[in-house]
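Working notes for the structure below.
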Amino acid sequence: MRSKYHFIIIGSGWRALYYVRVAKALPEIFCIDAMYCRTQEKADLIAGQYQIHTTTSIEECVAYKPDFAVVAVKKDAICDVSMEWLDRGITVLSETPAALDMDSLNKLYSYYKCGKKQVVAEQYREYPNIKASLKLINEGIIGDVSCVNVSLAHEYHGISLIRAFLGVNPGEKYTVSAKTYEFPTTQTLTRYDKFTDGRIAGKKRCVATFEFESGKVAWYDFDSEQYRSPIRKNTLKVQGVRGELIDECVYYLDENNEGQTGRIITDSHVINTGNSNPNFEKIREIKKISFNNKIIYEPEFGLCGLSEDETAIAVMMKNTAEYSRGNASAPYSMEDALADAYAAILLKKAVETGEMVHS
């Protein structure tokens, strides 16, 4: 019988609690040895609220010899904190991005080349709906892919998806040009609040073009309101030589070169998120995804009350533990993670300068 995967959490904020929920949903698979907090006051608060063991002792955390340490701290501290725990001989699963500047990216790369084990939790490719779409594309239903429109996720997340759908490697050269616009938008949902008073605020929308050395092209489009807003839809268009995928619809040629249309069908249900979802946003758990009466996705851990994001994180956690134990390769390579962060830096530069930027 497989032993549980043990981990510790560094950080106690909004993102760190995702890992707590995963462990509580899958207690037969994951065990939180401890959450490390900087102050005893915060440690006591978290322990009382979530019934997990917390500590302010680094030595105690190291002594557990966990499979991995989750580093879920503020973005500007992720790199340094990750290196601290890597120096203690522990495999790190760090939140995104890997780092925010070139010097830090180079430091992380040197750690990786020296054999330190770090995985950046770039989980979007493990989202059930994205994983199902990638499966169809990789099976060749629309032929070789030439271009993609991605309006699903911001910066490094969006860039990770661009490379996945185009099938370009993290080392391929490219150029990026970009511009940010601001439009009045009615506010609806945030992480912590629900607005129903019709208030309007200026929201930024970044539009960019990535042109790769291979000739493949990606159009990136992200609105700062679209992650949760019911009036801003995530959308995807992938075009290949024999068809295209637009969200859940696939237009393709069959073996007789006759045009066909298929729909990706997602079977899901609303889950009860309790106090972790104060704005009452509807969160859905995916039961299965099918195409042309064939199941192309089923949850690896079965139905356990996890959202798409949490399901993807759970897969990353399990695969990171297996990587740490020497049983598997990294679930997301450091080359990919560093390429994502680097591209996000170039995207920001392109927006700020208004000029085409070369990788």
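For this structure, a couple of remarks:
Residues are listed down the side, and each one gets a yes or a no for (1) β-branched (Val, Ile, Thr); (2) assigned by the TED database to the domain that holds Phe291; (3) surrounded by fewer than 18 Cβ atoms within 10 Å (Cβ to Cβ):
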residue	(1), (2), (3)
Ala178	no, yes, no
Thr188	yes, yes, no
Asp193	no, yes, yes
Gly215	no, yes, yes
Trp219	no, yes, yes
Thr235	yes, yes, yes
Gly240	no, yes, no
Leu245	no, yes, no
Tyr252	no, yes, no
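- Breaking point among (1) buried (at least 18 other Cβ atoms within 10 Å of the Cβ); (2) over 22 Å from Arg325 (Cβ atoms), for Ala69: (2)
- Of all residue pairs spaced 6 or more apart or on separate chains, those with beta-carbon atoms under 7 Å, a first member in region 195-208 that is in the same structural domain as Phe222 (by the TED database) and touching a residue at least 60 places away in the same chain (Cβ under 8 Å) and a second member that is surrounded by 13 or more Cβ atoms within 10 Å (Cβ to Cβ) and of a type in the set (Ser, Thr, Tyr) are Cys206/Thr180; Ala208/Ser177; Ala208/Tyr220.
- Residue match in region 290-308 (condition: in contact (Cβ under 8 Å) with a residue 40 or more places away in the chain and under 30 Å from Tyr181 (Cβ atoms)): yes
- Candidates in region 100-139 are the residues that are without any contact (Cβ under 8 Å) to a residue 60 or more places away in the chain, under 15 Å from Gln239 (Cα atoms) and not acidic (Asp, Glu); of these, the one that is surrounded by the fewest Cβ atoms within 10 Å (Cβ to Cβ) is Asn138.
- Hits in region 325-346 (condition: in contact (Cβ under 8 Å) with a residue 12 or more places away in the chain and open to solvent by 30 Å² or more (accessible area, probe 1.4 Å)): Arg325, Ala330, Pro331, Ser333, Glu335, Tyr342, Ile345
- Residue within region 303-316 that is in contact with a Phe, Trp or Tyr (Cβ under 6 Å, 6 or more places away or on another chain), in a strand (DSSP E or B) and of a type outside the set (Lys, Arg) present: no
- Of the residues making up region 148-169, not a single one is open to solvent by 40 Å² or more (accessible area, probe 1.4 Å) and in contact with a Cys (Cβ under 7 Å, 6 or more places away or on another chain).
The values are calculated or read from the model by the stated rules, or taken from the named source; none is laboratory data. All figures in this text were calculated on a predicted structure; none of them were measured in a lab. Please note: Cβ atoms are built from the backbone with ideal geometry, for glycine as well, and neighbour counts cover all protein chains shown. The accessibility values were calculated without ligands, DNA or RNA, using every heavy atom of the protein model including side chains. Shrake-Rupley method; radii C 1.70, N 1.55, O 1.52, S 1.80 Å.
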